[in-house]
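The next block holds one structure in the form of structure tokens; read it before the comments.
The values are calculated or read from the model by the stated rules, or taken from the named source; none is laboratory data. Note that this is a predicted model, so its numbers are computed, not measured. Cβ atoms come from the backbone with ideal geometry, glycine included; neighbour counts cover every protein chain shown.
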Amino acid sequence: MTADSAHGTGREPVRVLVFGASRRSDSLNSRLAELVARLAAQAGGAVDLARMADFDMPVYDGDTEQETGLPQGALALRERIASCDGFVIASPEYNASVPGVLKNAIDWVSRVRPQPFKDKHALLVSASPSLVGGNRGLWALRVPLEHLGTRVYPDMFSLARAHEGFTPEGNLTDTGLQARLTDTVAAFLRLVEADTRYVCLQRRWYEFLSDRTDAAVTERSQD
């Protein structure tokens with residue numbers, strides 16, 4: 001999808017939430033989220049940029065949920081996810097896995113009914129000073145999201161040695177990686193646009209041998 005595909009054609013642009021999953025103000029993943037948001041806007045998307053610090057919530061506790069209900073931060077994040085067509089998470093890697101604060105937010109938001117992750121498309125990106133760029137954390141992050149019905153984009157992006165990876169203007173110092181990220185974001189938006197805007201391109205999802213074969217075109221097997 002290009003900017004021209006959304007403007008002058010009567011079609012609304014794809015709404016994409018770009019979520020920086022670190023609480024630290026000068027986080028490398030916040031910088032990566034800002035870059036992705038800019039690239040998504042250049043590709044014609046309507047971008048909602050958010051930070052973990054925007055959504056305060058306690059550690060998940062079933063007793064707390066029963067006594068006081070869901071925290072406002074979780075409800076606010078749920079609304080931002082529900083109102084987008086697809087979302088991007090820029091997540092740090094903690095001990096080769098998902099940061100606890102992000103997993104906690106997913107756990108809280110998943111308690112809202114209807115939970116908003118189902119059938120949403122997601123692109124996962126990461127930035128890390130390490131040589132693997134946070135990629136192990138992204139593989140771990142796929143598990144709860146896909147369990148909740150999110151369609152995670154296969155081509156994840158990880159920026160290694162990220163403390164040296166940004167120009168003063170906020171682009172990537174490696175022009176090849178900049179081009180790859182630009183293409184990945186644009187391709188992700190095209191996929192989201194196809195799945196959410198063009199009913200004729202929607203397909204039946206047959207994931208298991210026992211799936212129904214008489215499902216309506218717009219019905220997913222997980223329904």
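Restricting attention to the stretch 1-55 and to residues that are modelled with pLDDT under 90 and among the hydroxyl-bearing types (Ser, Thr, Tyr), the residue that is nearest to Thr167 (Cα to Cα) turns out to be Ser25.
Looking across the stretch 101-117, just one residue is modelled with pLDDT under 95 and either closer than 13 Å to His147 by Cβ or in contact with a strand residue (DSSP E or B) (Cβ under 9 Å, 6 or more places away or on another chain) (or both), and that is Gln115. The residues of the stretch 143-183 that are out of contact with any helix residue (DSSP H, G or I) (no Cβ under 6 Å at 6 or more places or on another chain), assigned to a loop (DSSP other than H, G, I, E, B) and closer than 18 Å to Val88 by Cα, listed by number, are Leu148, Gly149, Thr150, Pro154.
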